[in-house]
Structures are given as C-alpha cells and as structure tokens.
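Asker: Before we start, here is the structure in question, set down as structure tokens.
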Amino acid sequence: MADVENNALTALIEAGADAQSNMYDVELEFADWNATVRAEGFEIPVIEAPTYTNKYHGVGYDRVKTEQTFERKFSMTFRMDAKYGLYQAFTSLLGWHVDPNTGGVANANIDKVGTVTVKTINTAMVAAGNSDGSSYSAAGVESYDNSARTGIKTDNIMEWKFHGCFVTKVDMPKFKTDGADNITFAVDFHFGKVEYPGFKVNQQ
C-alpha cells in the first residue's frame, strides 16, 4: 500500500525551527564599562504610522499622517548579583542626572550615555550527543548548532540597537525577612537614534 502524502504535516516539518522568546542577549556599552547580560524580558518599543480619515459623500478613506508614534524609552529588569555590581553601575549612570545624597539635578544628558543592543540567536539548536553533532540531523533544518549543550557562542541574526541611552530610574532592592528569593531590579532608559532590522531595505 502506497504511503498517503500529508501535505500539511510536510509543510510543518519543512518550516524549520521556530524563534523562541527566551533566545536573546542584551549588550550594554556605556562610557566607562560594557557587559553582555540577560534581562528578564524586553519589549521593543513599537513604531506606528498614525492615520487620519478623509470623508466625502458618506465614504471614508484613511491617509497616513506626516508624523510617527514612537516613545523613545524602554524598561529592563535585571537579576541582582551578590556583589550588586550591575546595580551600582546603573545607579552611577543615574547619578549624573539626579543625586539623592546631594540634591543634585541636571538639565542636560551629560556625556554618560551609551548603546543598548538586543540580539536574537541565529541557530537551530539540538542537544547533540557529541561536540559536533555529526551523528544527528534535525528535520527541516539545513544546519544547526548544539551550543545549548556545549556553551559555544552562537552568531546573531537580528539586532535592535538603541543609541544615546541614558538612565532615568533604577529600582531599589526590596528586602524581607520571610523567604530567600533572588532580587531583581528594573531600569528605565531613554534613547535617541535607533537601528531597527527590516527598515534598512528602504535606505539604499
């Protein structure tokens, strides 16, 4: 009996690996330091072309406005390391704009600005049984990397780059007597120039 072809199943298999929401890195590059860290999550600021409606004889038609809806700010939550190193790095950046110890304030963004880059990971990962994974194959994937098992650094495929970032808020640690949970803290950033993937096709 001949096999019956399942086109839907074949299409699903050949679609390859899916992008996963936890496969990303965050690179911080500021005047005095840089680091690659993992934030708890990151929502990329959404850019939108707003519209207005023209009406004539009871018919409406939307047109694009000559402006863009885009908030140049975002927030990230980080784990607190035991030495509070990352926390102190961020509070030192915030301290250039507001200082609770001295009452100091600023009306300029000083020069303590930096770049925050969010990168996806360009790989289809398989938990291979050996270092090169040569005895395994992944359905729908032409090549893959077993970096999840070996810890090998993978290449990045998509990146969102935020330039001229400055810190406007750093959460304080929250202590308690009951329980022993890891501490996290949120940091608010504002930014200037951006580099979003996908839009560069219009910049020939």
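Asker: Taking R0 as 22 Å, what's the FRET efficiency between VAL37 and GLU67 from their Cβ-Cβ distance, rounded to 0.05?
Answerer: Rounded to the nearest 0.05, the efficiency is 0.05.
Asker: Across the range 159-174, in residue order, what do the Karplus-derived ³J(HN,Hα) couplings come to in whole Hz, using 6.51 cos²θ - 1.76 cosθ + 1.60 with θ = phi - 60° and x for Gly and Pro?
Answerer: After applying 6.51 cos²θ - 1.76 cosθ + 1.60, I find 9, 10, 10, 10, 9, x, 6, 9, 8, 10, 7, 10, 5, 8, x, 10 Hz.
Asker: List every residue whose amide H lies under 5 Å from the amide H of ILE183, counting only residues 5 or more places away in sequence or on a different chain, with H placed 1.01 Å from N in the peptide plane.
Answerer: Residues meeting the amide H criterion: MET80.
Asker: Per-residue HN-Hα couplings for the range 98-114, Karplus 6.51 cos²θ - 1.76 cosθ + 1.60 at θ = phi - 60°, whole Hz, x for Gly and Pro?
Answerer: 7, 10, x, 6, 10, x, x, 9, 9, 10, 9, 7, 6, 10, 8, 10, x
Asker: Put MET158, MET76, MET23 in order of accessible area, largest first, 1.4 Å probe: what do you get?
Answerer: MET158, MET23, MET76
Asker: Starting from 0.36 nm per residue, how many nanometres of slack lie between ASN22 and ARG79 once their C-alpha separation is accounted for?
Answerer: Values: separation 57, 0.36 × 57 = 20.52 nm, distance 1.52 nm.
Separation in residues times 0.36 nm, less the Cα-Cα distance, equals 19.0 nm.
Asker: While we're here: Is the range 1-101 best put as rounded, prolate or oblate by its Cα gyration tensor, with a ≥ b ≥ c the root eigenvalues, rounded for a/c under 1.5, and otherwise prolate when a/b is larger than b/c, oblate when not?
Answerer: oblate
Asker: Here's something else I'd like to know. May I ask you to compute the full-extension gain from PHE175 to VAL46, defined as 0.36 nm times their residue separation minus their alpha-carbon distance, rounded to one decimal in nm?
Answerer: Additional length available on full extension: 43.0 nm.
Asker: Could you compute how much accessible surface ARG79 exposes when probed at 1.4 Å, giving the result in Å² to the nearest 10?
Answerer: 150
Asker: Tell me, what ³J(HN,Hα) does each residue in the range 78-84 have, in order and in whole Hz, if you take phi through Karplus 6.51 cos²θ - 1.76 cosθ + 1.60 with θ = phi - 60° and put x for Gly and Pro?
Answerer: Rounded to whole hertz, the list is 10, 6, 8, 6, 4, 9, 6.
The values are calculated or read from the model by the stated rules, or taken from the named source; none is laboratory data. Quantities reported herein were computed from a predicted structural model and do not represent experimental measurements. As a convention, Cβ positions derive from the backbone with ideal geometry for all residues, glycine included, and neighbour counts pool all protein chains shown. Just the protein is used for accessible areas: all its heavy atoms, side chains included, with ligands, DNA and RNA removed. Shrake-Rupley method; radii C 1.70, N 1.55, O 1.52, S 1.80 Å.
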